[in-house]
Amino acid sequence: MALVNFLQVIVFLCLGLSAITVAKVTVSAPVSQTTEGFSVFDKRKYPDGFHHFDYVNPNAPKGGRVNLSAVGTFNSLNPFIVRGDYPAGIGLTFSLLMTDAKDRAGESYAFVAEFIEVDPKRRYVIFRINPKAQFDDGVKITADTVIWSFNTLKEKGQPMFRTYYKNVTKVEKINAHTVKFYLDDTDNPELPLILGQVYILPKHFYDKHPFDQTSLVIPPTAGPYRIKSIDPGRSIVYERVKNWWGESIASQRGKNNFDEIRYDFYLDPNSQFEAFKRGRIDIRGESSMKTWHTGYDFPAVSQKAAIKEELPYKTTQPTYGFFFNTRHPIFQDHRIREALTILYNFDWVNKNVFYGSYTRNLSYYANSCFAARELPSEEELTVLSPYRNQLDSRIFEQPFSLGALKKNIEIRKTLHRATELFKEVGWVIDKGTMRQVGTGVPFEFEILIDDQSKEKLCIPYVEFLQRLGVKAVIRSIDKASYTQRVESKNFDMVLEAIPQSNSLGNEQRDFFGSSRADAVGSRNFAGIKNPIVDSLIETLIQSNTYNQLCHRARALDRVLLWGFYMIPAWSSGTLKVVYWDKFGHPKEISFFNPFDIQTWWYDPEKAAALDLKISSAPKGGFFRSLWGKVKRVFGHSDDNDI
């Protein structure tokens, strides 16, 4: 996938969900001609000279305002460094050399670069900069800008950039608007479009402001939005750049339709939800199944003033689960991790917490062709067989599964199996407590969370572990402290997600590679240091066809699953959204990105009808009481109403 894209991640941030990632594209058999786009393996969907993506409305009206939200806070405007917390929506202010198509896996098209040229032997890639490209202060984007941005991200940005760009041997300026990247001899088909995802940064700003320090000084923007105002830690307002240089680019048509996008920050999901009901938030992504099934019973929803909608998507699910920190001695043996994995009663949680709405993610790449199913294919065996004597034999003999814990007999069998696994490693139950043989040390660990609402996902597990004499403690801390501890790998277990894409690539090194296991800020939460995993990642990166990529990813998936590095979590096939009925969105929704705020627009007619519905509601009724709080949404009051 390429890095985990900040612009792609807007899908989550705009809905108040959390994620950090950077976009993903890869390249097929290289060609020598200069083109406006590049595709993974197959012929591009959109030819040179195309007008717009199919999943946008090219005639969407510009104007209006949308009020969004996020849980947490922010103290920096730089999302590319380890330090600080950046605000939701900040990706709106950036531009890239190329931008990804959200209806085709691994396709990317002209943005700041108007053309790309790839050497047939993949020794270099050339980008020609659009001469119109500039920052909102009028400073032009040149080859020097691109080179500085690339080097700065690699040298001073988050550690993943160094891994991500390590196969680039040199970058040089051909002329004022042309830059050339030289590649090593690594057989990595995705390298050219990884470089297309270089973010364009304002060198002239960072010449005066340290790049690697947190700051709330507003930098120039090359993206479609600029920062209009900030209330530190509480809110941020983005305004559309009028006469933006990229307005007529095919990959940008039909996007960026709101004049203003405002985010307000809340301490917890409950206060965020109440703010939505009072009309202070326009669009909300719902991640709580209890709230989804029981919380939207107020009149605004039943009378269609607020629209409740499930948007389907067919994208690779994040790698989501309870990660063991294998750097700690108690989790270093895979049998201990297996015992603790089979003891998580997903069936109970799904029934009693999720209203039966989720399915178990029995894969690191759920909902994709990369997910291992049934027994290994011949293609998988080709890459797995050399390690047969070093791998768990079950990889070759049975599909990965986790037994149900619905019946007493199932529970008893699972407890017995877990007890035996502990015993094999030297832990036994002594007077109701799991203790290490010889030392008598009890088996204890901490589950670190950053949101008290996650406690309901952990409490049943903690209680079930007590049956085996294992003590697990849930510790909820504030977001800033949590981020610091996770980035420094100072935890026992965390419930985390690693965003994935529909075109896996060298970002897998950062997620599961040995070289990134102890790096500050890496996504290798579990601390995986497995040479077989490393080798499978490199084999995956060198895939030359999409079918080959799928099979090689399944082989990697099997090794990760049977390594029991995390307790797999769950997912749903839809994105659950609720919004006040004053917006339009494209009829054709990208299955890879079902909610993209950049493709929505403000509908004055719907807004007027909603205004009338609220103002004409019976005195003392729900809508009438709501009117005073929601009126600023229609421009009748100022921002202090929040």
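Among the aspartates and glutamates, select those whose C-alpha is under 12 Å from the C-alpha of residue 173, and discard any that sit fewer than 8 residues away in the same chain.
Qualifying aspartates and glutamates at Cα under 12 Å: 144.
In the stretch 362-436, with Lys and Arg counted as +1 and Asp and Glu as -1 at Cβ, which of these residues, 422, 375, 391, has the Cα nearest the positive end of the dipole, that is, farthest along it?
About the Cα centre, the residue reaching furthest to the positive side is 422.
For a Förster distance of 41 Å, can you work out the FRET efficiency between the beta-carbons of residue 402 and residue 518, rounded to the nearest 0.05?
The calculated FRET efficiency here is 0.90.
Under a plain spin-label model, where a point goes 7 Å from the Cα along Cα-to-Cβ, how far apart in nm are residue 588 and residue 609?
The two pseudo-label positions are separated by 2.5 nm.
Would you mind getting the Kirkwood hydrodynamic radius of the chain from its Cα pairs, rounded to one decimal in Å?
One decimal place: 25.9 Å for the Kirkwood radius.
Hey, fewest Cβ within 10 Å first, where do 51, 177 land in order?
Numbers: 51 9, 177 19.
If I rank by nearby Cβ atoms, fewest first, I get 51, 177.
Can you put 616, 108, 571 in order, fewest other beta carbons within 10 Å first?
616, 571, 108
Treat each spin label as a single point 7 Å out from the Cα along the C-beta direction, and report the residue 481 to residue 123 distance in nm.
5.7
For each of 298, 464, count neighbouring Cβ atoms within 10 Å of the residue's Cβ, then give the residues from fewest to most.
298, 464
If you count, for each residue, the other Cβ atoms within 10 Å and average over each peptide, how do 308-314, 407-413 line up from highest to lowest?
Going from most to least packed, we get 308-314, 407-413.
Listed here are the pairs 277/479; 166/228; 203/242; 406/529; 277/471; 121/154; which of them are more than 29 Å apart at the Cα?
166/228; 406/529; 277/471
As I understand it, the dipole of the chain uses +1 on the Cβ of Lys and Arg and -1 on the Cβ of Asp and Glu, about the Cα centre. Which of 294, 535, 476 lies farthest toward its positive end?
294
Which three numbers, in whole Å and largest first, are the semi-axes of the equivalent ellipsoid of the stretch 189-241 derived from its Cα gyration tensor as √(5λ)?
25, 16, 11
How much length would be gained if the chain were fully extended between residue 574 and residue 328, taking 0.36 nm per residue of separation minus their Cα-Cα distance, in nm to one decimal? Walk me through the numbers on the way to the answer.
Values: separation 246, 0.36 × 246 = 88.56 nm, distance 3.64 nm.
Using 0.36 nm per residue and subtracting the Cα-Cα distance, I get 84.9 nm.
Once both labels are modelled 7 Å past Cα along the beta-carbon direction, what's the residue 378-residue 410 spacing in nm?
Taking the two extended label points, one gets 3.7 nm.
³J(HN,Hα) across the stretch 290-307 via Karplus (A = 6.51, B = -1.76, C = 1.60, θ = phi - 60°), whole Hz, x for Gly/Pro?
4, 5, 4, 8, 10, x, 9, 9, 8, x, 4, 6, 5, 9, 6, 6, 10, 9
If you count, for each residue, the other Cβ atoms within 10 Å and average over each peptide, how do 38-48, 194-204, 63-73 line up from highest to lowest?
194-204, 63-73, 38-48
Residue separation times 0.36 nm, minus the C-alpha to C-alpha distance between residue 43 and residue 209: what's the value?
Length gained, residue 43 through residue 209: 55.4 nm.
DSSP beta bridges in the stretch 319-569, what fraction antiparallel, as a percent rounded to 5?
Approximately 65 percent, going by the DSSP bridge assignments.
What is the Cα radius of gyration of the stretch 461-589 over 2.2 N^0.38 Å, N being its residue count?
Rg over 2.2 N^0.38 Å, computed on Cα atoms: 1.34.
Each reported figure results from applying straightforward, stated rules to the coordinates on display, with no laboratory input. All values derive from a computational prediction rather than experimental measurement. For neighbour counting, all protein chains shown are included, and Cβ atoms are generated from backbone atoms with ideal geometry for every residue, glycine included.
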